[in-house]
Amino acid sequence: DMTLIHSGPTLVPPPDDLTVPQFFLDGSSRHVTQPERLVGTPCLIDDDSGQKVMLEELRERTRCLANALKFHWNIGEGTIVTIISPNHIDYGPCVWAIHRLGGIVATLGPMLTSWELVHHFKIAMPSIIFVHSDCLSSVLQATAVVGLQADRIVMVDTPGSSGPRGFRNLDVLIHEGSSLPQFTERALTQGEAKSRIAFLAPSSGTTGTQKVVAISHFNVISIVIQSATFNRINEPYAPGADRFRRGDISTGFLPLYHIYGLVYNLHYMIYAGLTLVLTPKFNFENFLASIERNRITHLTLVPPQAVLLCKHPAVKRYDLSSVRYCIVAAAPLSATLTQELLEILPNVHLGQGYGLTETCGTVGMFPLTQKIGTLGSGGQLLPGTFAKVVKPDGTLAKEPEVGELYVKGGQVALGYYDNEQATKETFIDGWLKTGDQVYFQNGDIFVIERIKELIKVKGLQVAPAELEGHLLTHPSIFDCAVIGVADEYSGELPMAFIVLQPELATAVNTNVHLANDLRSGIFKHVADVKSRHKWLAGGVRFTNAIPRNPSGKILRRLLRAQLNDSPSA
Ligand code: ATP
Ligand code: MG
């Protein structure tokens with residue numbers, strides 16, 4: 001029954017015979033791509049040094065690096081090259097040079113331990129690794145384990161001969177490449193971009209070890225065209241289309257190794273004609289200062305930064321009036337937090353995006369027709385995206401019934417690299433099984449919670465995200481997380497980890513009465529408005545910080561482990 005299948009607006013099919021650099025850097029007569037609009041506007045600004053990079057320079061550095069990579073290592077079709085680095089001004093050229101040669105780019109986080117790196121190398125063994133000096137020691141431990149030679153390592157951040165001995169150097173390679181034989185990328189056949197892998201992108205590892213998602217060149221081009229069509233950036237006179245204007249400036253502190261930064265910041269922003277201010281290390285006060293200094297117009301956030309904007313006292317000291325647009329994604333943003341954020345950024349278009357690494361970052365976004373996205377909603381389906389909601393009994397849900405979301409569209413990835421079993425279980429007849437419990441209402445997707453994280457109290461489901469959103473409205477609470485703890489009678493009970501506002505945090509350590517009062521106040525804050533099975537009957541525990549991964553998601557598995565280590569604290 002077609003009424004049970006939701007779909008976004010129609011989409012003119014994106015090209016399936018172009019690689020990522022052909023589409024993003026070269027432009028094309030058949031497809032009005034953005035590079036032509038970028039002439040005169042920097043694509044990137046290095047937040048630390050202020051260095052500006054124009055499109056012409058990105059093209060040139062990509063071209064030279066491709067020549068050098070071909071010459072030294074003969075990188076060819078299917079060669080895996082891994083980048084392990086914080087955000088870096090040459091991240092793009094590294095990616096696109098590898099793509100030009102037909103290689104596959106695996107991106108990994110700079111904070112991974114050597115054992116985590118070994119896990120990834122065993123899934124996808126790189127031929128070459130681009131490394132930032134911050135990560136060199138863990139990379140060397142990992143390469144020793146898997147037997148990869150040091151002459152396969154390129155340092156990305158040590159200019160000239162200043163780097164550690166024995167390693168090649170990105171700057172030197174790019175310099176050499178200008179006088180090496182010119183490599184020319186071959187044209188793809190029709191449809192070839194659909195099967196050719198562009199990226200091996202790690203999932204966030206929220207529910208377990210990181211999965212490695214194989215993303216095609218077509219997936220990347222498709223998601224950018226889907227987002228651009230949604231935001232009507234190629235229709236300058238359409239209502240609302242001025243939300244993304246040439247010369248606008250976006251934050252770029254989200255890590256480029258994760259799909260959100262890689263696709264939405266690096267590729268989408270450049271395509272949309274914006275300037276991306278690349279920040280290697282996130283620090284909240286520097287972030288505020290950067291908004292003021294660079295007259296940032298577009299914020300790309302994850303919820304923890306939204307919370308900081310609402311609660312951090314430093315916010316008042318900075319001029320944030322340049323900001324016009326703010327999207328928050330990767331984890332839920334509650335309705336109340338959205339409203340608090342609006343008090344800080346009153347004139348801003350504000351809403352959420354929802355997506356997964358497996359969908360190249362985005363399934364839904366708040367639309368141009370809304371100044372503020374529907375409160376609590378993860379947005380509306382992008383053009384060319386289809387969705388169905390499957391109830392526990394296997395039948396399709398009617399709006400607004402709840403069930404597991406399945407998604408189809410040009411942005412749905414090829415599968416998990418080198419893992420047929422997991423691919424078969426998750427990518428089913430062209431549909432991606434998201435693992436997220438959702439419902440639809442008037443075109444909006446509401447993400448309730450990951451199915452894996454739902455707490456089951458006497459057979460009733462409690463979504464941690466719902467309680468967390470509510471707890472954050474308590475004036476004493478700075479941050480929080482909710483998990484389920486085992487209970488003989490109820491099966492599971494909700495329990496809250498609470499980070500108190502700084503001045504209270506020290507006071508509770510010395511004042512038992514205050515701690516008890518706060519605990520019962522917090523319990524009551526929930527009990528006053530939520531039905532009984534949602535009460536914090538599993539306890540309220542004060543802690544110093546909530547563990548999150550870099551994409552801003554609460555690592556509830558670490559909280560559960562913490563509880564097993566010291567059950568009575
Ligand atoms: P892993 O799959 O390794 O456990 P992960 O699922 O967190 O980690 P990502 O691909 O980065 O890795 O995140 C996708 C998930 O993030 C979605 O499945 C969803 O649960 C959550 N998510 C993303 N955007 C939103 C949003 N706007 N609201 C609620 N949840 C969101
Ligand atoms: Mg996931």
Taking only Cα atoms of the chain, radius of gyration then Dmax in Å: 23.8, 76
Under Stokes-Einstein, segment 470-513 at 25 °C and 0.890 mPa s, with its Kirkwood radius over C-alpha pairs, diffuses with a coefficient in µm²/s of 204 µm²/s
Under a no-solvent Debye model with one identical scatterer per Cα of segment 505-544, what's log10 I(q)/I(0) at q = 0.14, 0.17, 0.19, 0.32 Å⁻¹? -0.34, -0.48, -0.57, -1.07
Angstrom value of the Kirkwood radius, inverse mean 1/r, which spans all Cα pairs in segment 312-382: 12.8 Å
Take the Cα radius of gyration of segment 458-569 and divide it by 2.2 N^0.38 Å, with N its residue count; two decimals is plenty. 1.03
Exposure proxy check: Cys326, Cys360, Cys310 ranked by fewest other beta carbons within 10 Å? Cys310, Cys326, Cys360
Run through segment 82-183 and list the trypsin sites (Lys or Arg not before Pro) located in a DSSP loop whose Cβ has at most 14 other Cβ atoms within 10 Å. Arg165
Qualifying lysines (Cα of each under 17 Å from Cα of Lys458; at least 8 residues distant if same chain): Lys530, Lys534
Compute the normalised compactness of segment 378-451: alpha-carbon radius of gyration over 2.2 N^0.38 Å, N being the residue count. 1.11
Can you give me the orientation-averaged projected area of the convex hull built on the Cα atoms of segment 509-568, in nm²? 5.5 nm²
Per residue of segment 342-359, in order, report the coupling 6.51 cos²θ - 1.76 cosθ + 1.60 (Karplus, θ = phi - 60°) as ³J(HN,Hα) in whole Hz, putting x for Gly and Pro. 5, 5, 7, 10, x, 9, 9, 6, 9, x, 10, x, 9, x, 9, 4, 5, 10
At a temperature of 25 °C and a viscosity of 0.890 mPa s, determine how fast segment 44-191 diffuses translationally according to Stokes-Einstein, using the Kirkwood radius over alpha-carbon pairs as Rh; express D in µm²/s, rounded to the nearest whole number. 156 µm²/s
Quick one: which residues, 5 or more positions from Ile80 or on another chain, have an amide H under 5 Å from its amide H? H modelled 1.01 Å from N in the peptide plane, none for Pro or chain starts. Ile104, Ser127
Suppose we look only past 21 Å in the calculated P(r) of segment 446-523. What percent of the Cα-Cα pairs does that tail hold? 36 percent
Only helices counted: for the chain, with every DSSP H run of 4 or more residues adding -39500 (n - 2.57) and the sum spread over all residues, [θ] at 222 nm is -8000 deg cm²/dmol
May I ask you to evaluate 6.51 cos²θ - 1.76 cosθ + 1.60, the Karplus curve with θ = phi - 60°, for each residue of segment 487-496 and list the ³J(HN,Hα) values in order in whole Hz, giving x for glycine and proline? 9, 4, 7, 9, x, 9, 9, x, 10, 10
Just tell me which lysines come within less than 20 Å, Cα to Cα, of Lys211; anything on the same chain fewer than 8 places away is out. Lys122, Lys408, Lys424, Lys433, Lys452, Lys553
Which residues does the label zone of Asn442 cover in segment 387-407, counting backbone N under 19 Å from a point 7 Å along Cα→Cβ? 398-402
Relative contact order (percent, whole number), the chain, Cα cutoff 8 Å, 6+ residue spacing: 13 percent
Using DSSP to call loops (not H, G, I, E or B), can you name the trypsin sites (Lys or Arg not before Pro) in segment 403-467 whose Cβ has at most 13 other Cβ atoms within 10 angstrom? Lys458
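In Å³ and rounded to a whole number, note down the convex hull volume per residue for the Cα atoms of segment 53-120.
78 Å³
Compute the Cα gyration tensor for segment 107-206, then decide on rounded, prolate or oblate, letting a ≥ b ≥ c be the square roots of its eigenvalues: rounded whenever a/c is under 1.5, prolate when a/b is larger than b/c in the other cases, and oblate in all that remain.
Oblate, because a/c is 1.5 or more while a/b does not exceed b/c.
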Of all trypsin sites (Lys or Arg not before Pro) in segment 269-314, the ones in DSSP coil with at most 15 other Cβ atoms within 10 Å are Lys281, Arg295
Determine which aspartates and glutamates satisfy two conditions relative to Lys398: a Cα distance under 12 Å, and not lying fewer than 8 residues away in the same chain. Asp1
More than 18 angstrom separation, counting every C-alpha pair in segment 185-275; what % is that? 55 percent
Using the Kirkwood formula on alpha carbons, the hydrodynamic radius of segment 268-331 in angstrom works out to 12.5 Å
Viscosity 1.306 mPa s, 10 °C: Kirkwood-radius Stokes-Einstein D of segment 370-410 over Cα pairs, µm²/s: 135 µm²/s
Counting C-alpha atoms alone, how compact is segment 231-283: give Rg to one decimal and Dmax as a whole number, in angstrom. 12.1, 38
Residue by residue through segment 373-389, which ³J(HN,Hα) values in whole Hz follow from phi under the Karplus form 6.51 cos²θ - 1.76 cosθ + 1.60 (θ = phi - 60°), with glycine and proline marked x? x, 3, 4, x, 8, x, x, 10, 4, 5, x, x, 10, 10, 9, 9, 10
Using only C-alpha atoms and all pairs of different ones, pull out the Kirkwood radius for segment 155-306 in Å with one decimal. 18.5 Å
P(r) of segment 302-424 over all Cα-Cα pairs, 5 Å bins starting at 0, rounded to whole percent, reads 2, 10, 16, 18, 17, 13, 10, 6, 5, 2, 0
Distance between segment 497-520 and segment 369-443 - C-alpha centres, whole angstrom: 41 Å
Given chymotrypsin sites (Phe, Trp or Tyr not before Pro), DSSP loops and at most 11 other Cβ atoms within 10 Å, the longest exposed-site-free stretch of the chain is 238-488
Equivalent-ellipsoid semi-axes of segment 396-517, from the Cα gyration tensor, Å, largest first: 37, 17, 16
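Just so you know, all these numbers are worked out from the coordinates, no wet-lab data involved. Nothing here was measured: the structure is a model prediction, and the numbers come from that model. Reconstructed Cβ throughout: ideal geometry from the backbone, glycine too, with neighbour counts over all protein chains shown.
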